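Working notes, structure below.
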Amino acid sequence: MIRRTALRRFTPALILGAMFIAAPTIALAAAHEAPAGDHGAAGHDAHHAASPAQVKESLRHFSLFNMLVPHDTEVALKSNVKGTPFEKTFIDKEDFVEKVHLTHVFWAFGAFLLVLGLAFAARGRLMADEDAGVLPARSFGPLLLFEVIVGAVYNLMKDMMGAEEARRYFPIVGSLGIYIFIMNIFALLPFGTPATDNLNTNIGMGLTVFFATHYAGIRANGIKHHIGHLMGPVLALAPLIFVLEVVGHLVRPVSLSLRLMGNMTGDHNVLFEFLYFKIPLLPLPVMFLGLLVCVVQTVVFVMLSSVYIAQAIGDGEHSEASH
(Lines give C-alpha, C1' and ligand atoms only; values in the text may rest on other atoms or scores of the structure.)
Protein backbone atom coordinates (compact mmCIF):
# COMPACT_ATOMS: atom_id res chain seq x y z
CA MET A 1 0.00 0.00 0.00
CA ILE A 2 2.95 2.33 0.59
CA ARG A 3 4.06 1.89 -3.02
CA ARG A 4 0.57 2.57 -4.33
CA THR A 5 0.08 5.61 -2.09
CA ALA A 6 3.42 7.05 -3.13
CA LEU A 7 2.71 6.54 -6.82
CA ARG A 8 -0.78 7.99 -6.62
CA ARG A 9 0.56 10.99 -4.75
CA PHE A 10 3.66 11.62 -6.82
CA THR A 11 2.30 11.06 -10.34
CA PRO A 12 0.02 14.15 -10.40
CA ALA A 13 2.87 16.13 -8.84
CA LEU A 14 5.14 14.91 -11.61
CA ILE A 15 2.65 16.22 -14.18
CA LEU A 16 2.70 19.68 -12.59
CA GLY A 17 6.45 19.51 -12.10
CA ALA A 18 7.02 18.66 -15.75
CA MET A 19 4.89 21.63 -16.80
CA PHE A 20 6.77 23.93 -14.43
CA ILE A 21 10.18 22.76 -15.63
CA ALA A 22 9.37 22.67 -19.34
CA ALA A 23 8.06 26.25 -19.46
CA PRO A 24 11.38 28.04 -18.80
CA THR A 25 13.32 25.30 -20.58
CA ILE A 26 11.42 25.62 -23.86
CA ALA A 27 11.46 29.41 -23.64
CA LEU A 28 15.19 29.66 -23.00
CA ALA A 29 15.95 27.01 -25.60
CA ALA A 30 15.04 29.46 -28.36
CA ALA A 31 17.61 32.01 -27.21
CA HIS A 32 20.45 33.41 -29.30
CA GLU A 33 22.76 30.41 -29.66
CA ALA A 34 23.31 27.59 -32.15
CA PRO A 35 23.17 24.03 -30.81
CA ALA A 36 26.49 22.49 -29.89
CA GLY A 37 27.70 19.93 -32.39
CA ASP A 38 25.26 21.21 -35.00
CA HIS A 39 26.34 19.60 -38.24
CA GLY A 40 24.59 17.62 -40.95
CA ALA A 41 25.33 14.68 -43.15
CA ALA A 42 25.28 16.71 -46.35
CA GLY A 43 28.19 19.00 -45.68
CA HIS A 44 31.38 16.89 -45.87
CA ASP A 45 31.99 16.66 -49.62
CA ALA A 46 30.21 19.72 -51.01
CA HIS A 47 31.08 22.16 -48.24
CA HIS A 48 33.75 24.09 -50.14
CA ALA A 49 31.87 24.23 -53.44
CA ALA A 50 28.53 25.30 -51.99
CA SER A 51 27.27 28.85 -51.74
CA PRO A 52 26.99 30.50 -48.30
CA ALA A 53 23.24 29.85 -48.28
CA GLN A 54 23.77 26.18 -49.15
CA VAL A 55 26.47 25.82 -46.50
CA LYS A 56 24.16 27.37 -43.92
CA GLU A 57 21.42 24.95 -44.94
CA SER A 58 23.79 21.95 -44.74
CA LEU A 59 24.74 22.90 -41.19
CA ARG A 60 21.20 22.26 -40.00
CA HIS A 61 21.30 19.06 -38.02
CA PHE A 62 19.42 16.41 -39.99
CA SER A 63 16.65 15.11 -37.76
CA LEU A 64 12.95 14.42 -37.71
CA PHE A 65 12.34 18.13 -37.24
CA ASN A 66 14.05 18.91 -40.54
CA MET A 67 11.98 16.21 -42.25
CA LEU A 68 8.69 17.57 -40.91
CA VAL A 69 9.47 21.29 -41.12
CA PRO A 70 11.08 22.56 -44.37
CA HIS A 71 13.78 25.20 -44.10
CA ASP A 72 11.56 27.87 -45.68
CA THR A 73 8.85 27.14 -43.13
CA GLU A 74 11.32 27.42 -40.27
CA VAL A 75 12.57 30.77 -41.61
CA ALA A 76 8.97 31.97 -41.96
CA LEU A 77 8.21 30.96 -38.37
CA LYS A 78 11.18 32.92 -37.06
CA SER A 79 10.41 35.88 -39.30
CA ASN A 80 6.86 36.14 -37.98
CA VAL A 81 7.85 36.35 -34.32
CA LYS A 82 6.13 39.50 -33.11
CA GLY A 83 5.07 40.72 -29.71
CA THR A 84 7.19 38.14 -27.91
CA PRO A 85 10.22 38.52 -25.61
CA PHE A 86 12.41 37.09 -28.40
CA GLU A 87 11.75 40.09 -30.62
CA LYS A 88 13.05 42.44 -27.91
CA THR A 89 16.13 40.31 -27.37
CA PHE A 90 17.57 41.00 -30.81
CA ILE A 91 18.23 44.44 -32.23
CA ASP A 92 18.36 43.13 -35.77
CA LYS A 93 15.51 40.86 -36.77
CA GLU A 94 17.63 39.32 -39.52
CA ASP A 95 20.11 38.32 -36.83
CA PHE A 96 17.30 36.48 -35.08
CA VAL A 97 16.23 34.68 -38.23
CA GLU A 98 19.77 33.63 -39.15
CA LYS A 99 21.11 32.46 -35.80
CA VAL A 100 18.18 31.06 -33.82
CA HIS A 101 17.63 27.31 -34.17
CA LEU A 102 14.36 25.55 -33.44
CA THR A 103 15.41 21.89 -33.65
CA HIS A 104 16.14 21.54 -29.95
CA VAL A 105 12.92 23.41 -29.11
CA PHE A 106 11.02 20.80 -31.13
CA TRP A 107 12.64 17.89 -29.27
CA ALA A 108 12.31 19.55 -25.86
CA PHE A 109 8.60 20.09 -26.46
CA GLY A 110 8.26 16.50 -27.72
CA ALA A 111 9.85 15.21 -24.51
CA PHE A 112 7.51 17.40 -22.49
CA LEU A 113 4.45 15.93 -24.24
CA LEU A 114 5.79 12.41 -23.76
CA VAL A 115 6.32 12.98 -20.03
CA LEU A 116 2.75 14.21 -19.70
CA GLY A 117 1.42 11.25 -21.69
CA LEU A 118 3.33 8.74 -19.56
CA ALA A 119 2.22 10.43 -16.35
CA PHE A 120 -1.46 10.42 -17.36
CA ALA A 121 -1.19 6.78 -18.49
CA ALA A 122 0.35 5.72 -15.17
CA ARG A 123 -2.23 7.72 -13.26
CA GLY A 124 -5.05 6.11 -15.20
CA ARG A 125 -3.68 2.64 -14.48
CA LEU A 126 -3.53 3.42 -10.75
CA MET A 127 -7.09 4.72 -10.70
CA ALA A 128 -8.49 1.83 -12.74
CA ASP A 129 -6.86 -1.03 -10.80
CA GLU A 130 -6.82 -1.07 -7.01
CA ASP A 131 -3.97 -3.59 -6.96
CA ALA A 132 -1.78 -1.54 -9.29
CA GLY A 133 1.19 -0.02 -7.48
CA VAL A 134 0.99 -2.43 -4.53
CA LEU A 135 3.34 -4.90 -6.21
CA PRO A 136 5.80 -4.18 -9.04
CA ALA A 137 4.24 -4.33 -12.49
CA ARG A 138 5.03 -7.51 -14.40
CA SER A 139 5.05 -5.93 -17.84
CA PHE A 140 6.99 -2.90 -19.03
CA GLY A 141 4.91 0.24 -19.32
CA PRO A 142 4.43 3.74 -17.96
CA LEU A 143 3.57 2.50 -14.49
CA LEU A 144 6.71 0.35 -14.26
CA LEU A 145 8.80 3.29 -15.47
CA PHE A 146 7.43 5.49 -12.72
CA GLU A 147 7.82 2.72 -10.14
CA VAL A 148 11.52 2.47 -10.91
CA ILE A 149 12.06 6.25 -10.93
CA VAL A 150 9.94 6.89 -7.82
CA GLY A 151 11.79 4.23 -5.87
CA ALA A 152 15.29 5.18 -6.98
CA VAL A 153 14.99 8.98 -6.77
CA TYR A 154 12.92 9.01 -3.58
CA ASN A 155 15.31 6.68 -1.74
CA LEU A 156 18.25 8.79 -2.88
CA MET A 157 16.63 11.98 -1.65
CA LYS A 158 15.42 10.42 1.59
CA ASP A 159 18.97 9.40 2.51
CA MET A 160 20.16 12.97 1.93
CA MET A 161 17.42 15.13 3.46
CA GLY A 162 14.96 12.88 5.29
CA ALA A 163 11.59 11.47 4.29
CA GLU A 164 9.54 14.64 4.85
CA GLU A 165 11.74 16.94 2.79
CA ALA A 166 12.20 14.26 0.15
CA ARG A 167 8.45 14.05 -0.34
CA ARG A 168 8.24 17.83 -0.61
CA TYR A 169 10.89 18.27 -3.33
CA PHE A 170 10.52 14.98 -5.15
CA PRO A 171 8.11 16.38 -7.80
CA ILE A 172 10.79 18.82 -9.01
CA VAL A 173 13.75 16.45 -8.89
CA GLY A 174 11.76 13.46 -10.15
CA SER A 175 10.35 15.46 -13.06
CA LEU A 176 13.86 16.60 -13.93
CA GLY A 177 15.04 12.99 -13.98
CA ILE A 178 12.26 11.80 -16.27
CA TYR A 179 12.46 14.84 -18.53
CA ILE A 180 16.25 14.69 -18.95
CA PHE A 181 16.25 10.92 -19.50
CA ILE A 182 13.65 11.14 -22.27
CA MET A 183 15.46 14.01 -23.98
CA ASN A 184 18.72 12.04 -23.79
CA ILE A 185 17.13 8.87 -25.18
CA PHE A 186 15.89 10.79 -28.22
CA ALA A 187 19.53 10.83 -29.38
CA LEU A 188 19.38 7.06 -29.93
CA LEU A 189 16.22 7.14 -32.05
CA PRO A 190 16.39 7.18 -35.86
CA PHE A 191 16.58 10.82 -37.02
CA GLY A 192 16.57 11.87 -33.37
CA THR A 193 18.65 14.48 -31.62
CA PRO A 194 18.88 15.31 -27.90
CA ALA A 195 17.59 18.69 -26.81
CA THR A 196 20.10 18.45 -23.97
CA ASP A 197 23.02 19.03 -26.35
CA ASN A 198 22.07 22.71 -26.35
CA LEU A 199 23.15 24.97 -23.51
CA ASN A 200 19.92 26.98 -23.52
CA THR A 201 17.80 23.88 -22.97
CA ASN A 202 19.88 22.87 -19.96
CA ILE A 203 20.04 26.36 -18.47
CA GLY A 204 16.27 26.27 -17.97
CA MET A 205 16.61 23.12 -15.85
CA GLY A 206 19.69 24.46 -14.08
CA LEU A 207 17.84 27.62 -13.09
CA THR A 208 14.96 25.49 -11.83
CA VAL A 209 17.38 23.71 -9.49
CA PHE A 210 18.92 27.05 -8.48
CA PHE A 211 15.61 28.61 -7.43
CA ALA A 212 14.38 25.39 -5.81
CA THR A 213 17.60 25.24 -3.77
CA HIS A 214 17.26 28.73 -2.36
CA TYR A 215 13.54 28.31 -1.81
CA ALA A 216 14.26 25.17 0.20
CA GLY A 217 16.95 26.94 2.24
CA ILE A 218 14.76 29.96 3.02
CA ARG A 219 11.76 27.79 3.83
CA ALA A 220 13.72 25.50 6.18
CA ASN A 221 15.94 28.07 7.92
CA GLY A 222 14.44 31.49 7.27
CA ILE A 223 15.88 34.17 5.05
CA LYS A 224 18.09 35.58 7.82
CA HIS A 225 19.85 32.29 8.57
CA HIS A 226 20.00 31.39 4.88
CA ILE A 227 21.80 34.60 3.96
CA GLY A 228 23.85 34.46 7.14
CA HIS A 229 25.19 31.06 6.17
CA LEU A 230 26.57 32.59 2.96
CA MET A 231 28.74 34.91 5.07
CA GLY A 232 30.55 32.17 6.96
CA PRO A 233 31.24 31.82 10.71
CA VAL A 234 34.00 34.50 10.88
CA LEU A 235 32.68 38.07 10.89
CA ALA A 236 35.93 39.59 9.63
CA LEU A 237 35.89 37.39 6.54
CA ALA A 238 32.15 37.76 5.93
CA PRO A 239 32.41 40.09 2.87
CA LEU A 240 34.93 37.82 1.14
CA ILE A 241 33.10 34.61 2.02
CA PHE A 242 29.79 36.10 0.87
CA VAL A 243 31.20 36.98 -2.55
CA LEU A 244 32.74 33.52 -2.94
CA GLU A 245 29.51 31.81 -1.88
CA VAL A 246 27.40 33.89 -4.25
CA VAL A 247 29.74 33.11 -7.14
CA GLY A 248 29.69 29.43 -6.22
CA HIS A 249 25.90 29.31 -6.16
CA LEU A 250 25.65 31.17 -9.47
CA VAL A 251 28.08 28.73 -11.06
CA ARG A 252 25.98 25.71 -10.06
CA PRO A 253 23.33 25.97 -12.81
CA VAL A 254 26.07 26.73 -15.33
CA SER A 255 28.09 23.66 -14.31
CA LEU A 256 24.98 21.46 -14.39
CA SER A 257 24.15 22.73 -17.86
CA LEU A 258 27.66 22.50 -19.31
CA ARG A 259 28.26 19.01 -17.94
CA LEU A 260 25.05 17.67 -19.45
CA MET A 261 25.55 19.51 -22.73
CA GLY A 262 29.16 18.42 -23.15
CA ASN A 263 28.53 14.75 -22.52
CA MET A 264 25.42 14.54 -24.68
CA THR A 265 27.05 16.51 -27.50
CA GLY A 266 30.10 14.24 -27.51
CA ASP A 267 28.03 11.07 -27.33
CA HIS A 268 25.68 12.15 -30.13
CA ASN A 269 28.52 13.28 -32.38
CA VAL A 270 30.37 9.98 -31.94
CA LEU A 271 27.22 8.03 -32.78
CA PHE A 272 26.60 10.27 -35.80
CA GLU A 273 30.12 9.63 -37.14
CA PHE A 274 29.70 5.86 -36.84
CA LEU A 275 26.34 6.05 -38.59
CA TYR A 276 28.01 8.04 -41.37
CA PHE A 277 30.14 4.99 -42.28
CA LYS A 278 26.92 3.13 -43.23
CA ILE A 279 28.35 -0.21 -42.06
CA PRO A 280 25.68 -2.63 -40.75
CA LEU A 281 25.79 -3.29 -36.98
CA LEU A 282 28.81 -1.02 -36.50
CA PRO A 283 26.91 1.62 -34.48
CA LEU A 284 25.41 -0.94 -32.06
CA PRO A 285 28.27 -0.88 -29.49
CA VAL A 286 28.29 2.90 -29.65
CA MET A 287 24.52 2.96 -29.11
CA PHE A 288 24.92 0.74 -26.04
CA LEU A 289 27.54 3.11 -24.65
CA GLY A 290 25.23 5.97 -25.56
CA LEU A 291 22.47 4.40 -23.49
CA LEU A 292 24.83 4.24 -20.53
CA VAL A 293 25.72 7.90 -21.05
CA CYS A 294 22.02 8.83 -21.13
CA VAL A 295 21.40 7.04 -17.84
CA VAL A 296 24.57 8.24 -16.11
CA GLN A 297 24.06 11.89 -17.05
CA THR A 298 20.47 11.73 -15.79
CA VAL A 299 21.63 10.23 -12.49
CA VAL A 300 24.39 12.84 -12.13
CA PHE A 301 22.01 15.74 -12.70
CA VAL A 302 19.44 14.32 -10.27
CA MET A 303 22.06 13.50 -7.63
CA LEU A 304 23.67 16.94 -7.74
CA SER A 305 20.26 18.61 -7.61
CA SER A 306 19.40 16.57 -4.52
CA VAL A 307 22.75 17.42 -2.92
CA TYR A 308 22.24 21.16 -3.48
CA ILE A 309 18.74 21.10 -1.99
CA ALA A 310 19.84 18.93 0.94
CA GLN A 311 22.73 21.30 1.69
CA ALA A 312 20.42 24.31 1.63
CA ILE A 313 18.00 22.61 4.04
CA GLY A 314 20.79 21.53 6.39
CA ASP A 315 22.58 24.89 6.44
CA GLY A 316 20.68 26.10 9.46
CA GLU A 317 21.39 22.93 11.44
CA HIS A 318 25.09 23.07 10.58
CA SER A 319 25.27 26.77 11.52
CA GLU A 320 23.64 26.19 14.92
CA ALA A 321 25.89 23.20 15.58
CA SER A 322 29.02 25.20 14.77
CA HIS A 323 28.00 27.99 17.17
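The values are calculated or read from the model by the stated rules, or taken from the named source; none is laboratory data. As the structure is a computational prediction, the values presented were derived from the model and not from experiment. Counting neighbours? That spans all protein chains shown, and the Cβs are built from the backbone with ideal geometry, glycine included.
The table below gives the values:
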{"read-out": "Residues located in region 184-201, provided they are within 13 Å of the chain's Cα centre (by Cα), under 18 Å from residue 68 (Cβ atoms) and among the hydrophobic types (A, V, I, L, M, F, W, C)", "value": "186, 195"}
{"read-out": "Members of region 173-195 found to be more than 23 Å from residue 311 (Cα to Cα), crowded, with 22+ Cβ neighbours inside 10 Å and in contact with a Gly (Cβ under 6 Å, 6 or more places away or on another chain), listed by number", "value": "186"}
{"read-out": "Condition met for residue 198 (surrounded by 19 or more Cβ atoms within 10 Å (Cβ to Cβ), closer than 23 Å to residue 313 by Cα and at pLDDT below 90)", "value": "no"}
{"read-out": "Only listed residue being acidic (Asp, Glu) and assigned to a helix (DSSP H, G or I), chosen from 130, 165", "value": "165"}
{"read-out": "Among (1) surrounded by fewer than 18 Cβ atoms within 10 Å (Cβ to Cβ); (2) touching a Leu at 6+ places or on another chain (Cβ under 8 Å); (3) at pLDDT 80 or above - the single one residue 274 does not satisfy", "value": "(3)"}
{"read-out": "Filter result (modelled with pLDDT of 90 or more, of a type in the set (Gly, Ala, Ser) and surrounded by 16 or more Cβ atoms within 10 Å (Cβ to Cβ)) within region 223-261", "value": "257"}
{"read-out": "Verdict on residue 232 being within 18 Å of residue 189 (Cβ to Cβ) and of a type in the set (Gly, Ala, Ser)", "value": "no"}
{"read-out": "Residue within region 116-137 that is modelled with pLDDT under 65, of a type outside the set (A, V, I, L, M, F, W, C), under 30 Å from residue 176 (Cα atoms) and within 26 Å of the chain's Cα centre (by Cα) present", "value": "no"}
{"read-out": "Scan of region 267-309 for residues that are small (Gly, Ala, Ser) and more than 30 Å from residue 161 (Cβ to Cβ), ordered by number", "value": "290"}
{"read-out": "Evaluation of residue 211 against (1) within 30 Å of residue 186 (Cα to Cα); (2) outside any helix (DSSP H, G or I) (one fails), failing number", "value": "(2)"}
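Yes/no matrix, rows are residues, columns are (1) outside any helix (DSSP H, G or I); (2) of a type in the set (A, V, I, L, M, F, W, C); (3) out of contact with any Pro (no Cβ under 6 Å at 6 or more places or on another chain); (4) without any contact (Cβ under 8 Å) to a residue 12 or more places away in the chain:
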site	(1), (2), (3), (4)
191	yes, yes, yes, no
200	no, no, yes, no
204	no, no, no, no
215	no, no, yes, yes
218	no, yes, yes, yes
223	no, yes, yes, yes
226	no, no, yes, no
